[in-house]
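Student: Below: one structure in structure tokens.
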Amino acid sequence: MTDPAPLSLSFPAIQTKKVTAAFDGGAITSDAGVLLLAQAERRLGIIDRLARHIPDDRNQARVVHALADILRARALAIAAGYEDGDDLDALRHDPAFKMALGKTPGDEVGLASQPTCSRWENAPDIRSLIRMGREMVDIYCDSHDVPPDAITLDIDDTFDTAHGQQQMTFWNGFHGEPGYAPIHVYETGTGRPVAFILRPAKTPSGKEITGHVQRLIRRIRLHWPQTRVTLRGDGHYARPEVMAWCETHGIAYIFGLPGNSVLKADPVIATTADACAVFRAERALPAHRTHCETTYAAKSWGGTERRVIARIEATTLGMDIRTIVTSIRGSTPERLYEFAYCGRGRAENLIKLHKTQLKSDRTSCMTAAANQMRLILHTAAYWLLWTVQQEVPEKEPLKRAEFATLQIHLVKIGARIIETASRIRIAIASACPDKTLIAHLVRSLAAPANQRPRAP
């Protein structure tokens, strides 16, 4: 809103010309790119799909802010870099955010306020959250034009610090503070988010992991009964219950396997390690790496022998042996370790996008249900930025950029918005460095999937 008495500011003169400034520019936004995010949201329909699972008992004839618009504003704000609900109080009358929600810049009714958004973050009960979790898996499956022949799902957890006496937090000895350890699941090859589950900050048990995996795979199978699924994770997930369930239900797996004295003493691993050390020493190499495979049955596995791959590296500092366990057959130990397993490193980068760049670790609500709702909203914001990035041409550097970079280049765009009786015009700076790409994205996100324009 324009101040009736703008404050005049003075700057040092330039070439004898006086320099002044005032907050009287009218309807100007610094987030014009939120309209790209709004186009991505309209294509996905993600907010409407989530909102229908939350009961809304309000008298709809007296409702000012529809439930879907409240959630949509929150997700758009997160994707634009405003992760705190308090930010909505400052964004309520931003002309670009108004337009993203289908309002005109001059509309007196702005976005929902922070207290309203907070009430609806706390509104969903457990049943609603479960249904929204299933919907997120459905959204993931629907994002594929055709069922894929095979997918690899990376499962991992991360630590979120607690901000008080919050429900379901747990003391974590490694981090030295209480918090949550939400489970993240991604299709790492494409960067698609699949599932996110809030849980206490402790190592998950085999029974817990099996329950999560079972429900996830069951939902995916409803869409893709013939798709081959591979589950990949670190040593936390190499539980006998998980591996047994995967073997019974035709799910391939590859997990990190914590080392122990029995594995190190295995004849195949010990012999290969000795040969690796000798090879390095004889040739005075700084390091030498090799791989081997054996079969192993831990006591907790009930006598079931499984394929174990060992990566052995001899260096001037000593011997380093890492092991993985897998049900995959017909591939060499080197390929399984270096490509099939180490590919999970990208999942760490995806968690970083979700947690540190979209700030999904802001799980500071008092109840666990509200914090799970926040994870869902942050995942919706992830989908919006991911969808925009998919339309960036391959030759563009932003095709492989992180979300924080996308926000700077494609969302944080200054523009003056001019509203007349018949139209709304968005005036973006002539010197905008990404104007060709932005023009392409506007056309691409507005077009049907089979009619998208070619890259410039």
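Student: When the dipole is taken about the Cα centre of the chain, and only Lys, Arg (+1) and Asp, Glu (-1) are charged at their Cβ, what size is it in debye, to the nearest 20? Present the calculation step by step, with values, prior to reporting the outcome.
Tutor: Numbers: 57 positive and 50 negative charges, 151 e Å.
Result for the chain is approximately 720 debye, rounded to the nearest 20.
Student: A follow-up question, please. Magnitude of the Cβ-charge dipole of segment 190-241, K/R +1 and D/E -1, about the Cα centre, nearest 20 debye?
Tutor: On the way: 11 positive and 3 negative charges, 36 e Å.
With Lys and Arg at +1 and Asp and Glu at -1, about 180 debye.
Student: While we're here: Relative to the longest principal axis of the chain, what angle (0 to 90°, nearest 10) does the C-alpha long axis of helix 126-142 take?
Tutor: 80 degrees
Student: Related question: Any idea how far the Cα center of segment 251-320 sits from the one of segment 193-211, in Å?
Tutor: Centre-to-centre (Cα) distance: 29 Å.
Student: Compute the label zone of Ser205 within segment 231-266: residues whose backbone N is under 15 Å from the point 7 Å along Cα-to-Cβ.
Tutor: Backbone N within reach: 239-242.
Student: Just round it to a whole percent: the fraction of Cα-Cα distances in segment 181-254 exceeding 17 Å.
Tutor: 43 percent
Student: While we're looking at this one, here's another question. At a Förster distance of 35 Å, what's the computed FRET efficiency of Ser422 paired with Thr190, Cβ-Cβ distance as r, to 0.05?
Tutor: The pair Ser422/Thr190 has a calculated efficiency of 0.25.
Student: With n ≥ 4 as the cut-off for DSSP H runs, can you work out [θ] at 222 nm for the chain, using -39500 (n - 2.57) per run divided by the number of residues, rounded to the nearest 500?
Tutor: Working: 15 runs with 161 residues, N = 456.
When only DSSP H runs of four or more count, the value is -10500 deg cm²/dmol.
Student: Apply the Karplus parameterisation 6.51 cos²θ - 1.76 cosθ + 1.60, with θ equal to phi minus 60°, to every residue of segment 111-124 and state each ³J(HN,Hα) to the nearest whole Hz, in sequence, with x for glycine and proline.
Tutor: These are the phi-based 3J(HN,Hα) values: 6, 5, 7, 4, x, 5, 4, 5, 4, 7, 5, 8, 6, x Hz.
Student: Could I ask something else about it? Are there trypsin sites (Lys or Arg not before Pro) in segment 359-454 that DSSP marks as loop and that have at most 12 other Cβ atoms within 10 Å, and which are they?
Tutor: Those that pass, being in a loop and sparsely packed, are Lys395, Arg423, Arg454.
Student: Using C-alpha positions alone, give me the convex hull volume of the chain per residue in cubic angstrom.
Tutor: On the way: hull volume 103.5 nm³, N = 456.
Cα convex hull per residue, to the nearest whole number: 227 Å³.
Student: From the backbone phi of segment 351-362, what are the Karplus-calculated ³J(HN,Hα) couplings (6.51 cos²θ - 1.76 cosθ + 1.60, θ = phi - 60°) in whole Hz, Gly and Pro given as x?
Tutor: The phi angles translate into 4, 4, 4, 6, 8, 9, 9, 9, 6, 6, 7, 7 Hz.
Student: If I model a spin label at Ala297 and Ala284 as a point 7 Å from the Cα along the Cα→Cβ vector, what separation in nanometres do I get?
Tutor: Taking the two extended label points, one gets 4.8 nm.
Student: Additional query: Give me the orientation-averaged projected area of the Cα convex hull of segment 275-410, in nm², one decimal.
Tutor: 14.5 nm²
Student: Of Ser300, Met319, Val268, which is farthest along the charge dipole of segment 261-327 in the positive direction, counting Lys and Arg as +1 and Asp and Glu as -1 at C-beta?
Tutor: Going by the charge dipole, the pick is Ser300.
Student: In terms of modelled amide H atoms, which long-range or inter-chain residues lie less than 5 Å from the amide H of Leu257?
Tutor: For Leu257, whose amide H was placed from the backbone, the distant partners under 5 Å are Thr323, Ile324, Val325.
Student: What length, rounded to one decimal in nm, is gained on full extension from Thr356 through to Ala439, with 0.36 nm per residue of separation minus their alpha-carbon distance?
Tutor: 27.0 nm
Student: Amide H to amide H under 5 Å from Arg199: which residues, 5+ apart in sequence or cross-chain, H placed 1.01 Å off N in plane?
Tutor: When sequence neighbours closer than 5 places are left aside, the close amide H contacts are Ala181, Ile183.
Student: What's log10 of I(q)/I(0) for segment 261-327 at q = 0.13, 0.16, 0.27, 0.28 Å⁻¹, Debye sum over Cα points only, no solvent?
Tutor: -0.38, -0.54, -1.14, -1.20
Student: For the chain, calculate the relative contact order in percent as a whole number, restricting contacts to Cα pairs under 8 Å that are 6 or more residues apart. Walk me through the numbers before you get to the answer.
Tutor: Details: 727 pairs, mean separation 81.7, N = 456.
RCO, the chain: 18 percent.
Student: Kirkwood-based Rg over Rh for segment 25-74 (C-alpha set), two decimals?
Tutor: Dividing the radius of gyration by the Kirkwood radius yields 1.08.
Student: Run through segment 22-126 and list the GluC sites (Glu not before Pro) located in a DSSP loop whose Cβ has at most 16 other Cβ atoms within 10 Å.
Tutor: For GluC sites (Glu not before Pro) across segment 22-126 that sit outside H, G, I, E and B with at most 16 neighbouring Cβ atoms in 10 Å, the list reads Glu108.
Student: Also, I was wondering about something else. Where in segment 251-284 does the label zone of Met319 land, with the point 7 angstrom along Cα→C-beta and an amide N cut-off under 16 Å?
Tutor: 259-282
Student: Return the sequence-ordered ³J(HN,Hα) values of segment 307-323 in whole Hz as given by the Karplus equation 6.51 cos²θ - 1.76 cosθ + 1.60 applied to θ = phi - 60°, using x for Gly and Pro.
Tutor: Going residue by residue, I get 6, 10, 9, 10, 9, 10, 10, 9, 10, 5, 8, x, 9, 10, 10, 10, 10 Hz, with x marking Gly and Pro.
Student: Under a 5 Å amide H to amide H cut-off, with H placed in plane at 1.01 Å, what residues pair with Trp224 once short-range neighbours are removed?
Tutor: none
Student: Report the gain in length on full extension from Val64 to Gln214: 0.36 nm times residue separation, minus Cα-Cα distance, nm rounded to one decimal.
Tutor: 49.9 nm
Read the figures in this text as sums done on the coordinates, not as results from a lab. Keep in mind the model is a prediction, meaning the values are calculated, not measured. We place every Cβ from the backbone using ideal geometry, glycine too, and count neighbours over all the protein chains shown.
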